[in-house]
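What follows is a short report on a single structure.
The values are calculated or read from the model by the stated rules, or taken from the named source; none is laboratory data. Bear in mind the structure is a predicted one, so any value in this text is a computation, not a measurement. SASA here: full protein model, heavy atoms, side chains in, ligands and nucleic acids out. Shrake-Rupley method; radii C 1.70, N 1.55, O 1.52, S 1.80 Å.
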Amino acid sequence: MPIFFIKLRRVIGQLSASVKTFFDKRYSRCDIDPATDGLTYWRERILFSVLAASTCFCLIALVPALYMAIGENLWLLAIFDILAFIGCGSLLFFYRIRLAIRAGVTLLITFMVGLFIIAQAGFLSGGPAWLFCFAVLSGVLLGLRAALLATFLNAAAIFILGWLSSQGYMAPPPASINLLRAVTAGINFIFLNGVSAASVAVLVNGLQELNRKAEAATAALQQERENLIQTKDQLKHEVQVRRQSEKDLQQSERKYRLLAENIQDVIWTMDLKLRFTYLSPAIERLLGWSSDEYKQFKLEELLAPESAIRVLNEFKEHYRRAQQSGSFQRSATLELDMLRKDGDRVKVEVTASFLLDDTGHPIGILGVTRDITERYKAEQEKAELRESLARSKKMEALGTLAGGVAHDLNNVLSGIVSYPDLLLMDIPKDSPLRRPIEVIQESGKKAAAIVQDLLTLARRGVPVEEIVNLNDLVSEYLLSPEHKRLKSFHPFVGIETRLAPDLLNVKGSPIHLSKTIMNLVSNAAEAMPEGGTIKIVTENRYQDAAMKRPLENGPDESVVLQILDSGVGIPPEDLQRIFEPFFTKKKMGRSGTGLGMAVVWGTVQDHKGRIDVRSVEGRGTEVTAFFPATRESFSKVALEPSLDAYKGTGETILVVDDMNEQREIAAKIITQLGYVARSVDSGEQAVEFLKREKADLLILDMIMDPGIDGLETYHRVKVSNPQQKAIITSGYAETERVRTAQRLGAGGYLRKPYTVQNLAVAIKAELNRS
């Protein structure tokens, strides 16, 4: 027996496991989620349990039903049992059919089974229990309405079956049960059936409502969970973004701090009250203050007065315009003078713009300050060079004009300077006409001196390069009649000299250098109407590694001439014009023609020098001229012999000049000196003349118009007469064409207007030249 129960237990366990496995597989394929629709899920399980149990019971009851059908001829019961088994089994396996349909069919089977049992076995059989189960299952599977409907059907079925039983259509009830008891029992059954079914239905509906609320709460919680998860993900993303932003901000801060701390420009910020809030470390390199020190100052304490006023005005103007336009997106660039810690000024370029908040309103100012001292100096030097170039071009143009005028005047003055010499040679020394003729000659020489100034202005007036010493020229000027005349006009002006005893020599024209000294001293005296002292200083200047070369592209040694006065000074607007020809502020009739400083400038340039002028109104003027020094020594010029030593012995001299007056003057002087004079008016005629006749010497004018000039004439003459001697004359100074002719073989150069003495010396020197 124990072995039998053990085996039975195993069979039941295996059967339970199989049923459970089938059940799990069956509901694993179900589309109902207990978390979202728990009531339907459990109704499915209850229905499945009922069908599974009914199928099993029908299968078990099938054996006795068949036995009774064969033994007692109750085939109807067997057929009904078989149909119930098929129906329950079909509903069990066709679970895809809607729950309401399968539940309704199941309840109908239950109801029919109850009716069949009562009809076959009476009221005291299990039929009422099936009807009771029908009502209760209706409330469980389909709800309250179905439970009430099932109760009504049960009541109707009991009433009908009771009536059929009383009429004899069914098996009569037991004799102990009268009609009253049967009615009472039926009413009680119906009441209990209805109360139970309704209670179960209400319970199920309550559970359904709770399930709905739970589902709603679950859905809400699920939604809240999803929201929380989403919020969590967003927060996580925001945290990551913030961390990355902080990292980028730190990197950006390090980068810009590195840039701000190492850049040469000063980066700064200030509030709208013009107080600095940040300054990069470059401020200390630029101005000498640390950032903390600099923040303690007001803006007007850090700028030159004129720059401070300009900054305040610019700030007010830009702020006003920004308010009117509604946009503060603007910047400004200014060139200012800032004050260093040591008091010096620094030229800077400041670029500033408004710092704006998120709404576009200004909260401060951001700026960059750059040191432009070197650039400013370069621009100033460039402007000075440009101005110097423009002045040089203007002087060159004026010089060209002056040179042309001087050439014509020299030709005109030849008669005034040369004829008096011839007249004086024939007039007795006690003749009353001698003095007027001498005055005419002196006037001509003075006019020739003015022409010489014009030639100097034209950079064509320094034909002589002698070794001279500026100390000697200064001393000679102080003893000259010109200086005595100056003292008579300015009796309260004194002269103080500081001449270097070891002053080096210069190479140039003593006449032009003397005139430079005279003009500069005269200008200094004119600048001191109330009297004062003029200082004349000479010194040597040597090239030093720490000193800028005094003369660009010049020697390392230079001679400096300085004229200093304590007069009224020169206004800045006039300082740029002092070297212009005919520009003067002097009194006419007392101080010359207005060519003085122009002649000084031309003389310095012709001597390859440089001149600087510094002046402050009310304090005086300082003029400094630099001349290239030379180590060559000069020798004293021997005294010239009398005119008789230069007279000729009948040599033939050909005068070539395009002006008739020049030819006549030259011919008379030549004849007076004992030579045979011949003359032609062009270079072409001179070439033809020398082909026919012989001349011992040519006096050749360099500029002749029309026709060929003196150089071309001499070049053609040399073709047929290679040994032909010549001297060159011109109203201009010595030019490159003159020097070219001299390289071809011509002798000296004689500038018009020439005197008898000058012409005699030049002729004798050339005739004696081998």
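Solvent-accessible area of K347, all protein chains in place: 40 Å² (probe radius 1.4 Å, heavy atoms, ligands and nucleic acids excluded).
Of the solvent-accessible surface of segment 643-740, computed with a 1.4 Å probe over protein heavy atoms with every protein chain present, carbon and sulfur atoms account for 47 percent. Output the pairs from K347/K382; K273/K298; K484/K608; K647/K725 with a Cα-Cα distance over 20 Å in this structure; if there are none, say none. The answer is K484/K608.
What number comes out for accessible area per residue over segment 266-352 if the probe is 1.4 Å? Units Å², please.
Numbers: 4900 Å² over 87 residues.
About 56 Å² of surface per residue is accessible.
Once you have all Cα-Cα distances for segment 702-770, histogram them in 10 Å bins from zero and send the whole-percent values. Pair shares across the bins are 20, 52, 26, 1. Tell me, rounded to the nearest percent, the portion of alpha carbon pairs in segment 664-723 spaced more than 20 Å apart. Tail of the P(r) past 20 Å holds 26 percent of the pairs.
The mean of 1/r over all pairs of different alpha-carbon atoms in segment 610-757, once inverted, gives a Kirkwood hydrodynamic radius of 17.8 Å.
In 10 Å bins starting at zero, report the fraction of Cα pairs in segment 298-381 per bin as a rounded %. Reading the bins upward from 0: 16, 43, 28, 11, 1.
On segment 307-384, 48 percent of the accessible area sits on carbon and sulfur atoms, based on a 1.4 Å probe.
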